[in-house]
Each structure stands twice: as C-alpha cells, then as structure tokens.
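> My questions all concern the structure below.
The values are calculated or read from the model by the stated rules, or taken from the named source; none is laboratory data. From a predicted model like this one, the values you see are computed outputs, not experimental measurements. Cβ placement follows ideal geometry from the backbone for every residue including glycine, while neighbour counts extend to all protein chains displayed. The accessibility values were calculated without ligands, DNA or RNA, using every heavy atom of the protein model including side chains. Shrake-Rupley method; radii C 1.70, N 1.55, O 1.52, S 1.80 Å.
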Amino acid sequence: NERKYAVGTVSTTDNTAAFGSTTSFESGNVDFVAPVFHATQGTVVITYADTSDSGKGKAVCGQVSGTTLSLGSIVEFNSGGNTQIISSAYDSTNERIATFYKDQGNSDASTAIVGIVTTTAISFGSAVVWSSDEMSYSAAHFNSNSGTVTLGYKDATNNDVIYQKFTVSGMGITSNQS
C-alpha cells in the first residue's frame, strides 16, 4: 500500500483544477496515514505507520510551491514498531502537532506524542501512555476556543465511542479527563 500524493491548484475564475505529478512520500508500504496542515509554517505534516519497517510510527513534512511538495527527512516517533490507529491535529495556540496512536508493541496502549515543526523538519517529545485501553478508531481535532485537542475514539474493549480532551504544554501532552 504505497501512498502517493499530487498537489493541485484551483482556479476560481474558470472552476478548473491542475495537478502536478503523482509522487510517493514513502518508498515502502504504509498504513494509518494522518496528514495535517501547520498553518504558521505553511507545512503539510504526514504521520503514518511504515508497514515495510515493522510498523514504525513515522512523520515527514513538506512545503507546497505551485503543484510541487518539497519533502524533508522522515523522522520516527515510535521506533518500537506496530504503530496503529494514528490521528493528528495541529494545535495553533502552541504551534505543535499532537499525534495519537495505538502502540501494539506496548500492549496496545493508547499513546500520544507532541511534535514541533520548522519548515520541512519535525522533532518529537517523549511519548505518553494516556490509557491502557485499546482504541480501534480515532480522530483528533484542535478547539481554538478552549485551547485543547479533542480525541474521539472507539474503545475496542466495550465498543464505546469516547471523547477526551488533551492539553499541549511545551513538548508534553496531558489528558484533561479526571
């Protein structure tokens, strides 16, 4: 499942779209792709599991110019492998990327990590296990009114859909659930 992308431009004058060449961001097979846009840096951040490399959690950043996306270096955020159910959100208050994933290599623990972006580079803080419950689906969203990231996920144990808020501080992230 090699993932490819193409950058397009839209003309509002004649309602047409033009796309550049189709290109891969990873040469191997990938899964659980979660792209977000870092508005301040003008950078697309793609988090994913590299299934050709033991399911390691990875990220790559790129900047758009016309119909071209210039990518930086690929960075691992979960080198232990078996990364699944990835979702990411851009925290515009703290200028950070919050990434959530199921760490199958760590007893399916629900885990979060924070990344900081500089043009086409990303670096990550330390991963935080926020629940020992296994999630089977997830979606993350930043709420600028509350300054929190909301993660909606399905608890794989009892099939409940749960919404949980997180606060990013520096390179760390904490759950607001009591």
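> Filter the strands (runs of 3 or more DSSP E) completely within the stretch 1-103 down to those with at least 1 residues that are among the small types (Gly, Ala, Ser).
8-11, 16-19, 30-38, 43-50, 56-65, 68-71, 83-91, 96-103
> Working only within the stretch 74-96, note down all residues that are open to solvent by less than 10 Å² (accessible area, probe 1.4 Å) and out of contact with any Phe, Trp or Tyr (no Cβ under 6 Å at 6 or more places or on another chain).
The one that is open to solvent by less than 10 Å² (accessible area, probe 1.4 Å) and out of contact with any Phe, Trp or Tyr (no Cβ under 6 Å at 6 or more places or on another chain): GLY81.
> Could you please find all residues in the stretch 154-163 being part of a strand (DSSP E or B) and either open to solvent by 80 Å² or more (accessible area, probe 1.4 Å) or modelled with pLDDT of 95 or more (or both)?
VAL161, TYR163 - these are the residues of the stretch 154-163 that are part of a strand (DSSP E or B) and either open to solvent by 80 Å² or more (accessible area, probe 1.4 Å) or modelled with pLDDT of 95 or more (or both).
> Further question on the same structure: For the stretch 43-52, which residues satisfy the criterion of being open to solvent by 30 Å² or more (accessible area, probe 1.4 Å) and either basic (Lys, Arg) or farther than 12 Å from ALA121 by Cα (or both)?
THR51, SER52
> Enumerate the pairs (first residue in the stretch 152-178 and under 14 Å from SER110 (Cα atoms); second residue anywhere and open to solvent by 80 Å² or more (accessible area, probe 1.4 Å)) with beta-carbon separation below 6 Å, excluding pairs fewer than 6 apart on the same chain, so at least 6 apart or on different chains.
GLY152/TYR163; LYS154/TYR137; LYS154/VAL161; GLN164/GLN177
> Identify all residues within the stretch 133-143 that are at pLDDT 95 or above and surrounded by fewer than 17 Cβ atoms within 10 Å (Cβ to Cβ); write none if there are none.
ALA139, HIS141, ASN143, listed by residue number.
> Of everything in the stretch 111-132 that's over 13 Å from the mean Cα position of the chain (by Cα) and closer than 15 Å to ASN176 by Cα, which residue is surrounded by the fewest Cβ atoms within 10 Å (Cβ to Cβ)?
Within the stretch 111-132, the match that is surrounded by the fewest Cβ atoms within 10 Å (Cβ to Cβ) is VAL129.
> Name the single residue that is farthest from ARG96 (Cα to Cα) among those in the stretch 1-49 being of a type in the set (D, E, K, R) and more than 13 Å from the chain's Cα centre (by Cα).
ASP14
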